[in-house]
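So the structure is just underneath, and the comments pick up after that.
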Amino acid sequence: MVLDPETVKPSKYERFRIETKPTPHVYQIPNKFDVSARKVRLAAMLVREAFQFKLNKEVVLSRPCIYGVFGGRFGGFKPLKHKCVGCMRCVQEYPHIMTVKHSDSYKRLGDSFWTPEAVFTIWNEASTGKIPVKGMGYKGAFGGEGFDGIWTDMSEIVRPTRDGVYGREYISTSVDVGRKPTSVDFSKIDRSSPTITIPVPIIFDKLPAGSGDVRAAVGIAAEKLGTFYVSRQRTPFDFGPASLIPVGDEESIQELVERPSAIVEYDAEKSDLFEKLAGALPSSIVIARVPLREDAGMVACKLTRQGVHGLHLYGDYHGQDYSKEPKHISASLKEVHQQLVKEGLRDQVTIIASGGITLAEHVPKAIICGADLVGIDTTILVALQSEFRGETRDRANCQMKPRKIDPEWGAQRLVNLFGVWHDQLIEILSAMGMRDVRRLRGDIGRSMMDAELREQSFKGIAWAT
Amino acid sequence: MGNLELIVEKHSERIHHGIEVLPSLRHGLPEGLGNKRWTAELILATYEMALTGDLPKNGLEYRTGNSGGGFDVLGWKNNGFARIDQESVDLSIPLNKREDGKKITIPLPIYGGGMSFGSISLNFMLARARAAKRLDTFMSTGEGGYPDEIVPYRDHVITQVATGMFGVREETIQYAPIVEFKYAQGAKPGLGGHLLADKVTSEVAKMRESSMFTSLYSPFPFHSVYSVEDHKKHVDWIKTVNPRALVSVKVSTPTDVDMVAIGSYYAGANIIHIDGGYGGTGAAPEIAKKNIAMPIEYAIPKVHDYLVSEGVRDDVVLIASGGIRTADDIAKAIALGADGCVVATAEAVAVGCTHCGNCERGRGCQVGITTTDPELSRFIDPEWGETRIVNLFTAWSKRLRSILAGFGLESVRDLRGRRDLLVRYK
Ligand code: SF4
Ligand code: SF4
């Protein structure tokens with residue numbers, strides 16, 4: 001058959017992509033490096049070089065820095081510190097004159113959980129929309145606790161061809177939110193609960209602190225990204241109302257009925273609202289918020305049997321659960337997931353995990369531990385240049401203060417963050433030869449745990465005395 | 001001499017002088033230098049060894065970094081052994097343990113890893129090739145092709161065949177005593193290579209038979225290899241083009257790295273080269289370096305033990321790379337089960353690398369290592385670079401001999417798999 005180009009309709013297919021664009025910081029960020037020159041020695045060096053190169057200005061004034069730190073009017077006497085990338089060439093060339101170190105304001109960034117490096121990573125991702133790339137290998141600590149103690153797998157040869165961010169075959173990062181019945185009951189087909197597909201397995205969770213601007217930025221970004229944001233605020237905002245996940249309680253049911261949302265959450269710890277909410281909002285997905293602690297697996301099984309459509313399991317903002325002896329949410333998530341699997345319930349509910357999801361790599365790792373998708377919280381505020389005022393761990397008393405922002409600027413920063421995290425998720429999936437993030441859920445076999453590998457590989461090696 | 005010449009000479013001399021002076025600590029330990037894996041002390045100690053050919057004498061820590069795991073929490077047992085004369089210790093290892101094929105032995109358990117033309121400067125590549133020749137060992141071309149300038153060193157150059165097939169030609173296969181298939185690399189396990197457009201100068205484009213200033217991607221994986229049988233076809237292809245060549249298979253460290261290793265062995269590999277997730281020199285997404293694939297310290301025992309249990313350990317050479325920074329790391333890797341190691345970053349540090357990670361920024365490396373900038377590249381004079389790399393490996397050989405002599409071992413081959421000689425620190 002010969003196709004007539006006149007009659008062939010253009011495909012409506014659009015490959016999923018997130019439109020990132022440079023969105024510079026509006027509040028000045030600390031210089032990462034502090035560059036200083038001993039001024040007398042610098043002057044002496046200039047005089048010496050003036051003699052050595054016979055006053056050849058171009059040679060005498062050629063600087064050791066290829067990043068323009070000494071390119072200002074006063075050269076090394078007043079370095080343009082914000083341009084320094086810490087390459088150390090000036091120190092190599094003039095060790096008796098130059099000092100380069102991490103600045104005090106950089107070292108003070110964050111809190112006991114948010115390292116300066118992590119804050120800078122989020123700032124860069126939100127402002128550039130580009131994946132962080134560096135040369136010469138890894139520079140950080142070996143393995144560690146929580147998500148740091150997990151490595152993801154890769155596939156050498158036997159695998160589907162990769163997509164990578166450069167695009168060949170498509171890798172899906174979409175996930176479904178909602179209850180999935182294990183069988184179809186045709187008599188109840190009209191009443192089966194809905195599911196919603198979101199293109200990236202990330203939602204915005206409740207903010208610890210927020211101004212109207214910040215909430216507006218989150219709403220706009222959620223709508224642009226096709227994802228959702230959780231808010232205790234009952235009145236839908238002007239921005240992204242369709243993307244709102246309100247947190248319902250006894251008093252707000254009527255309001256929720258008047259302005260129904262596609263997804264609602266409720267605090268399962270405070271009330272047993274599922275029946276009421278599901279009855280009043282038959283077309284909404286009802287998700288129970290459950291704190292991660294010793295009994296979370298049991299609670300999750302009970303709620304799933306009761307019929308909830310999803311579970312939002314959360315730890316504190318530092319990624320620790322609420323057990324008497326707190327452990328990282330990666331461990332408690334695994335326990336809940338495994339208990340649901342054991343009871344034959346896991347495939348029926350969606351699990352959202354939040355608390356301490358602060359870097360791109362935490363998304364696939366939380367999914368490997370059993371979540372379907374994650375919620376981010378303090379990360380939103382960091383991307384929007386909020387101020388650290390102390391420890392951010394406590395959900396009820398998080399010491400982070402939002403700054404005044406333009407909601408459109410804020411929304412683009414969050415879109416950039418999602419774009420970069422999406423690309424990094426694809427890097428992880430493509431290395432594993434996986435074409436769908438849904439396949440990653442609970443697939444612990446495609447991960448490697450520091451603690452386990454250490455015991456296997458170093459077995460028989462005696463402890464030093 | 002024109003101004004450009006004077007400027008290059010001025011900075012080149014200053015950098016070289018600086019890296020000679022800094023290890024003396026006369027100006028203190030530079031605060032902004034280094035990181036947990038390559039600490040400031042380790043970088044300065046490497047500068048010092050590259051200068052003197054000896055171990056640092058001023059107390060600089062030259063054995064370990066500060067990463068809190070892996071090699072950095074392993075040490076040596078220190079009692080109950082009869083020390084032997086360290087001059088009598090043999091550091092040589094064979095690179096072909098199969099019955100057929102050419103027998104190649106290198107005098108120290110180290111050779112240079114793949115760093116491609118384009119990602120590094122030609123001068124640095126030449127320095128490495130010259131050092132490999134002087135040390136009677138090897139260096140690998142990486143995947144960027146085989147510049148004419150390194151042909152004189154071809155008896156010490158491994159031709160790498162990677163998925164982009166850049167510069168892979170009949171003659172470059174025929175030059176090679178060893179051909180290395182790069183299935184994956186530790187810097188970006190499971191991800192392809194990516195050379196940013198800025199680095200694709202006319203010379204690089206010519207070498208890679210591509211267009212100037214256009215980003216180049218090496219796909220992942222080999223699209224002609226989806227099984228061990230396919231891999232065998234690859235090996236056969238090389239053996240047909242160059243029957244004398246030994247075949248090395250470079251893979252990363254997935255959960256089933258032991259299976260990959262045994263598959264490579266049965267496909268005919270002489271060398272199984274495992275490249276751990278924390279290493280690598282090429283620019284790579286940070287997420288890949290930190291999170292994908294297991295560190296080499298955990299992969300070596302897994303592969304070694306499996307090859308032993310399959311009864312083939314003595315028929316194949318196991319080479320480890322990816323985060324090998326010091327002579328102690330090499331000895332620990334061997335004690336964990338490797339035959340020898342491949343290093344690359346340490347060679348870069350020997351010629352002034354600060355492990356700053358800015359290799360892909362702007363004009364590339366500020367001291368001329370990972371750059372194609374014509375001015376910056378000239379900071380590394382190949383002869384100077386050769387001497388520094390030879391000195392570093394000479395100092396490492398002394399340390400290796402000292403470790404082995406302390407255990408009364410006459411050959412580095414006797415250290416393989418001797419985990420009983422290691423201790424763990426909390
Ligand atoms: S450390 Fe590098 S970037 Fe910073 S001022 Fe010195 S030469 Fe410039
Ligand atoms: S830019 Fe140069 S000095 Fe810095 S890590 Fe790369 S090679 Fe080393």
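Quick notes
- Number of the exception - A:Ile122 against (1) at pLDDT 95 or above; (2) on the phi < 0 side of the Ramachandran plot; (3) within 16 Å of ligand 2 (Cβ to nearest atom); (4) not small (Gly, Ala, Ser): (3)
- Count - residues of the range A:194-212 that are surrounded by fewer than 18 Cβ atoms within 10 Å (Cβ to Cβ), under 22 Å from A:Thr182 (Cα atoms) and in contact (Cβ under 8 Å) with a residue 24 or more places away in the chain: 3
- Residue under evaluation A:Trp114, criteria (1) in a helix (DSSP H, G or I); (2) more than 11 Å from chain B (Cβ to nearest Cβ); (3) within 25 Å of the chain's Cα centre (by Cα), criterion not met: (1)
- Some residue of the range B:267-276 being buried (at least 24 other Cβ atoms within 10 Å of the Cβ), at the interface with another protein chain (Cβ under 10 Å from one of its Cβ atoms) and either of a type outside the set (Asp, Glu) or part of a loop (DSSP other than H, G, I, E, B) (or both): yes
- Of all residues in the range A:128-149, those satisfying the criterion of being over 18 Å from B:Ile296 (Cβ atoms) and either open to solvent by 30 Å² or more (accessible area, probe 1.4 Å) or within 16 Å of ligand 1 (Cβ to nearest atom) (or both) are A:Thr128, A:Lys130, A:Ile131, A:Pro132, A:Val133, A:Lys134, A:Gly135, A:Glu145.
- Filter pass, A:Ala360 being within 10 Å of chain B (Cβ to nearest Cβ), closer than 23 Å to A:Phe228 by Cα and open to solvent by less than 10 Å² (accessible area, probe 1.4 Å): yes
- Selection within the range B:25-48 - open to solvent by less than 60 Å² (accessible area, probe 1.4 Å) and either small (Gly, Ala, Ser) or more than 27 Å from the chain's Cα centre (by Cα) (or both): B:Gly28, B:Gly32, B:Gly34, B:Ala40, B:Ala45
- Within the range B:287-297, considering residues that are of a type in the set (Val, Ile, Thr) and touching a strand residue (DSSP E or B) at 6+ places or on another chain (Cβ under 7 Å), the one nearest to the other protein chains (Cβ to nearest Cβ): B:Ile292
- The range A:450-465 residues that are more than 8 Å from chain B (Cβ to nearest Cβ), paired with ones that are surrounded by 13 or more Cβ atoms within 10 Å (Cβ to Cβ) and among the small types (Gly, Ala, Ser) (beta carbon under 8 Å, 6 or more apart): A:Ala451/A:Gly149
- Selected residue (criterion: farthest from ligand 2 (Cβ to nearest atom)) from residues of the range A:52-76 that are within 13 Å of chain B (Cβ to nearest Cβ) and in a helix (DSSP H, G or I): A:Lys57
- A search for C-beta distances below 7 Å between a residue of the range A:65-83 that is open to solvent by less than 20 Å² (accessible area, probe 1.4 Å) and any residue that is more than 10 Å from ligand 1 (Cβ to nearest atom), counting only pairs 6+ apart in sequence or on different chains, returns A:Gly72/A:Lys78; A:Gly76/A:Leu42.
- Candidate set: the range B:358-377, residues that are within 12 Å of ligand 1 (Cβ to nearest atom) and not basic (Lys, Arg); chosen: the one surrounded by the fewest Cβ atoms within 10 Å (Cβ to Cβ): B:Gly362
- Extreme residue, least open to solvent (accessible area, probe 1.4 Å), among residues of the range A:84-107 that are away from ligand 1 (no atom under 11 Å from the Cβ), touching a helix residue (DSSP H, G or I) at 6+ places or on another chain (Cβ under 7 Å) and outside any loop (DSSP other than H, G, I, E, B): A:Tyr106
- Candidates A:Asp347, A:Asp321, A:Asp372, filtered to the one that is touching a residue at least 24 places away in the same chain (Cβ under 8 Å) and open to solvent by 30 Å² or more (accessible area, probe 1.4 Å): A:Asp347
- Counting the residues of the range B:252-269 that are in contact with a Ser or Thr (Cβ under 7 Å, 6 or more places away or on another chain) and either within 19 Å of A:Ser457 (Cα to Cα) or of a type outside the set (A, V, I, L, M) (or both) gives 1.
- Residue that is nearest to B:Ala350 (Cα to Cα) [pool: residues in the range B:1-24 that are facing chain A (nearest Cβ under 7 Å) and open to solvent by 30 Å² or more (accessible area, probe 1.4 Å)]: B:Arg14
- Elements of type helices (runs of 4 or more DSSP H) in the range B:298-416, at least 2 residues being within 12 Å of chain A (Cβ to nearest Cβ) and in contact (Cβ under 8 Å) with a residue 12 or more places away in the chain: B:327-336, B:345-350
- A:Ile329 touching a strand residue (DSSP E or B) at 6+ places or on another chain (Cβ under 7 Å) and of a type outside the set (D, E, K, R): yes
- Residue within the range B:398-408 that is within 22 Å of A:Ser457 (Cβ to Cβ), of a type in the set (A, V, I, L, M) and open to solvent by 10 Å² or more (accessible area, probe 1.4 Å) present: yes
- Every pair of residues 6+ apart whose Cβ atoms lie under 7 Å, when the first sits in the range A:279-293 and is closer than 15 Å to A:Asp249 by Cα while the second is buried (at least 18 other Cβ atoms within 10 Å of the Cβ) and acidic (Asp, Glu): A:Ile287/A:Glu265; A:Arg289/A:Glu265
- Flag if A:Gly297 is open to solvent by less than 20 Å² (accessible area, probe 1.4 Å) and not hydrophobic (A, V, I, L, M, F, W, C): yes
- Of all the numbered requirements in (1) more than 28 Å from B:Pro295 (Cβ to Cβ); (2) aliphatic (A, V, I, L, M); (3) within 14 Å of another protein chain (Cβ to nearest Cβ), B:Leu33 misses one, and that requirement is (1).
- When the range A:17-51 is filtered for residues that are within 30 Å of A:Arg413 (Cβ to Cβ), within 16 Å of ligand 1 (Cβ to nearest atom) and out of contact with any Pro (no Cβ under 7 Å at 6 or more places or on another chain), the ones remaining, listed by number, are A:Pro30, A:Asn31, A:Lys32, A:Phe33, A:Asp34.
The values are calculated or read from the model by the stated rules, or taken from the named source; none is laboratory data. The structure presented is a predicted model; accordingly, all values stated were derived computationally and were not measured. Every residue, glycine among them, receives a Cβ derived from its backbone with ideal geometry; neighbour counts consider all protein chains shown. Calculation scope for accessible area: heavy atoms of the full protein, side chains included, ligands and nucleic acids excluded. Shrake-Rupley method; radii C 1.70, N 1.55, O 1.52, S 1.80 Å.
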